[in-house]
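Reading through the structure tokens given below for one structure.
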Amino acid sequence: MRKLSPSMAFLVILLSSSVVCAHDFKLGDLTIDHPYATPTVATQTTGAVYFRNLRNRGATSDRLISAQTPASARVGLHRMQMEGNVMRMREVSAIELPAKSELRMGHASTDGYHLMLEGLKAPLKDGDSFPLTLRFERAGEKTVQIHVQTPRKSASHEHKH
């Protein structure tokens with residue numbers, strides 16, 4: 001077996017790590033960029049799924065209309081929004097994705113969307129992963145892999161109902 005030079009070994013590691021870190025999914029004109037969930041504690045029955053963003057590169061609008069996962073009994077589409085001095089979280093019937101748009105759905109957003117995992121079947125632990133099927137009005141369904149991770153920014157963010 002041939003031995004790799006240190007620079008070649010570094011390149012192999014760099015390329016393989018970038019493939020592992022690439023965490024987006026495509027469905028037609030839609031890109032689901034870096035879906036993730038935040039860890040929960042043992043007694044917590046709800047969790048949250050976020051995306052770095054959802055992109056619609058198409059000429060036609062679309063809508064995320066539902067989601068499901070074996071990790072929870074139900075998945076709700078939610079929006080956080082400031083109403084005066086109070087942050088409100090409300091369930092929405094769909095998440096709009098206008099044509100040629102990008103929607104940020106990160107955990108630190110003070111005015112944004114996320115998916116609520118209701119009736120968790122087990123705690124979400126850092127490093128775990130689970131499948132989530134997203135249903136879009138026009139593009140159809142796509143199952144993505146959700147990685148559970150402690151957010152780098154604003155790790156103290158939590159959901160209260």
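The values are calculated or read from the model by the stated rules, or taken from the named source; none is laboratory data. Computed from a predicted structure; not experimentally measured. Note that we place each Cβ from the backbone using ideal geometry, even for glycine, and neighbour counts take in every protein chain shown. Note: areas computed on protein heavy atoms with side chains; ligands, DNA, RNA excluded. Shrake-Rupley method; radii C 1.70, N 1.55, O 1.52, S 1.80 Å.
If the condition is being more than 24 Å from residue 104 (Cβ to Cβ), at pLDDT 50 or above and of a type in the set (Ser, Thr, Tyr), then region 3-47 contributes 5, 43, 45.
Quick one: how many residues across region 65-88 are closer than 17 Å to residue 138 by Cα and either out of contact with any Asp or Glu (no Cβ under 8 Å at 6 or more places or on another chain) or among the aromatic types (Phe, Trp, Tyr) (or both)?
At the first step, the residues of region 65-88 found to be closer than 17 Å to residue 138 by Cα are 65-67.
Next cut, either out of contact with any Asp or Glu (no Cβ under 8 Å at 6 or more places or on another chain) or among the aromatic types (Phe, Trp, Tyr) (or both) only: 66-67.
Summing the residues that are closer than 17 Å to residue 138 by Cα and either out of contact with any Asp or Glu (no Cβ under 8 Å at 6 or more places or on another chain) or among the aromatic types (Phe, Trp, Tyr) (or both) in region 65-88 gives 2.
Can you spot a residue in region 70-85 that is among the acidic types (Asp, Glu), in a loop (DSSP other than H, G, I, E, B) and either out of contact with any Ser or Thr (no Cβ under 9 Å at 6 or more places or on another chain) or modelled with pLDDT of 95 or more (or both)? Looking for residues that are among the acidic types (Asp, Glu), in a loop (DSSP other than H, G, I, E, B) and either out of contact with any Ser or Thr (no Cβ under 9 Å at 6 or more places or on another chain) or modelled with pLDDT of 95 or more (or both), one finds none in region 70-85, hence no.
Count of region 104-138 residues, restricted to those that are at pLDDT 90 or above, open to solvent by less than 40 Å² (accessible area, probe 1.4 Å) and under 24 Å from residue 30 (Cα atoms), is 9.
Please indicate, with yes or no, whether at least one residue in region 106-122 is over 14 Å from the mean Cα position of the chain (by Cα), of a type in the set (D, E, K, R) and assigned to a loop (DSSP other than H, G, I, E, B).
Looking for residues that are over 14 Å from the mean Cα position of the chain (by Cα), of a type in the set (D, E, K, R) and assigned to a loop (DSSP other than H, G, I, E, B), one finds at least one in region 106-122, hence yes.
Out of region 58-100, which residues are within 17 Å of the chain's Cα centre (by Cα) and of a type in the set (Ser, Thr, Tyr)? Answer for region 58-100, where residues must be within 17 Å of the chain's Cα centre (by Cα) and of a type in the set (Ser, Thr, Tyr): 66, 69, 72.
Can you tell me which residue is nearest to residue 121 (Cα to Cα) among those in region 32-80 that are of a type in the set (Phe, Trp, Tyr) and buried (at least 22 other Cβ atoms within 10 Å of the Cβ)?
To start, the set of residues in region 32-80 that are of a type in the set (Phe, Trp, Tyr) comprises 36, 50-51.
Now drop any that are not buried (at least 22 other Cβ atoms within 10 Å of the Cβ), which leaves 50-51.
Details: 50: 19, 51: 22 Å.
Here the answer is 50.
For region 121-147, the tally of residues that are among the aliphatic types (A, V, I, L, M) and farther than 12 Å from residue 49 by Cα stands at 2.
Filter region 81-90 down to the residues that are in contact with a strand residue (DSSP E or B) (Cβ under 9 Å, 6 or more places away or on another chain) and over 23 Å from residue 33 (Cβ atoms), then identify the one that is most open to solvent (accessible area, probe 1.4 Å). By that ranking, first place goes to 90.
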